[in-house]
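The values are calculated or read from the model by the stated rules, or taken from the named source; none is laboratory data. Since we're looking at a predicted model, the values are computed, not measured. Every residue, glycine among them, receives a Cβ derived from its backbone with ideal geometry; neighbour counts consider all protein chains shown.
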Amino acid sequence: MNLRLNLLLLIFGIGLVTQSAWSNNVIEIVTDPWPPYVYAENNKVVGTDVEVTQAVLKRMGLTADFQLLPWKRCLSLVENKRVDAILAVSVTGEREKFLHFPSEPVSRGITVFFIKAEDPISSINLDNPQNLNVGAMLGYEYCDELDNSRLMAGASRVPTLEQNFNMLLSGRIDLAVAIELVGYHKASKMGISDQLAVVGNERYCPGGNYLAFAQKPGYEKLATRFGEELIKFKATDAYQRILAKYLKPQ
């Protein structure tokens, strides 16, 4: 009888932990500026991934509290379970050790190498960089194809894409690696779109940008449900309106 009672109490206790994990209905999410997916405007965090995430969480009866922080800080906070989730994160084996990834990404992106428009570079051999200097983002992982290449091994790392583009235009680097849409958006904001080009038809790291959850009690189920609701939301007109709002030609 005591054993049965203890078992019932244990099951009840697990249920309470799961329920109370987000009992205030607010999900604390960290991310860093990555327009047009995520950025700050008029003291608000906005962007395609932000609005999609907000809409999906609302369907789940939850609200989002976003914080914009340096990327390495974001990863540290979610790994140490000091926040609930991280937005615009890609899947890697290392991150799967401390994050629950939903089945569906909030958005997708392709990585490219930007060059000065007048440069004659038409192709890149990742394992034979031929003295090409590349600029990358500090603390970022791209994908195994790039991260394990000789080209990226010698990359100059800086905190912002704007710095990389300035280094590119000043001749300090030959290539700037970035998500294609992010790069074009930043170039437009900087007024340098006509000064940049992308190397040939070479595209890398096709993959998703996820809202991934900390490995707190009950959050694996939360990630599963978020993925399910996200798939449903992507079939709505509301989703298309968000894309049209942010992804219009610059």
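Among the candidates 104, 118, 79, which residue alone is charged (D, E, K, R), surrounded by fewer than 20 Cβ atoms within 10 Å (Cβ to Cβ) and more than 30 Å from residue 226 (Cβ to Cβ)?
The conditions single out 118.
Would it be correct to say that residue 45 is in contact with a Leu (Cβ under 9 Å, 6 or more places away or on another chain) and touching a residue at least 24 places away in the same chain (Cβ under 8 Å)?
no
Against the condition outside any loop (DSSP other than H, G, I, E, B), in contact (Cβ under 8 Å) with a residue 24 or more places away in the chain and touching a helix residue (DSSP H, G or I) at 6+ places or on another chain (Cβ under 6 Å), how does residue 110 come out, does it pass?
Yes.
Conditions: (1) among the aromatic types (Phe, Trp, Tyr); (2) in contact with a strand residue (DSSP E or B) (Cβ under 6 Å, 6 or more places away or on another chain); (3) farther than 26 Å from residue 64 by Cα. Residue 184 meets all but one. Number of the miss?
Failing condition for residue 184: (2).
Scan the stretch 41-65 for residues that are within 17 Å of residue 222 (Cβ to Cβ) and either touching a helix residue (DSSP H, G or I) at 6+ places or on another chain (Cβ under 9 Å) or surrounded by 15 or more Cβ atoms within 10 Å (Cβ to Cβ) (or both) and jot them down.
Across the stretch 41-65, the qualifying residues are 52, 53, 54, 55, 56, 57, 59, 60, 62, 63, 64.
Just to be sure before I move on: is residue 238 modelled with pLDDT of 95 or more, in contact with a helix residue (DSSP H, G or I) (Cβ under 7 Å, 6 or more places away or on another chain) and in a strand (DSSP E or B) in the structure I sent?
no
Does the stretch 154-162 contain any residue that is hydroxyl-bearing (Ser, Thr, Tyr), part of a helix (DSSP H, G or I) and closer than 21 Å to residue 34 by Cβ?
No, the stretch 154-162 contains no residue that is hydroxyl-bearing (Ser, Thr, Tyr), part of a helix (DSSP H, G or I) and closer than 21 Å to residue 34 by Cβ.
Scan the stretch 15-33 and give yes if some residue there is under 24 Å from residue 221 (Cα atoms), at pLDDT below 95, among the small types (Gly, Ala, Ser) and assigned to a helix (DSSP H, G or I), otherwise no.
Checked against the condition, which is being under 24 Å from residue 221 (Cα atoms), at pLDDT below 95, among the small types (Gly, Ala, Ser) and assigned to a helix (DSSP H, G or I), the stretch 15-33 yields at least one hit.
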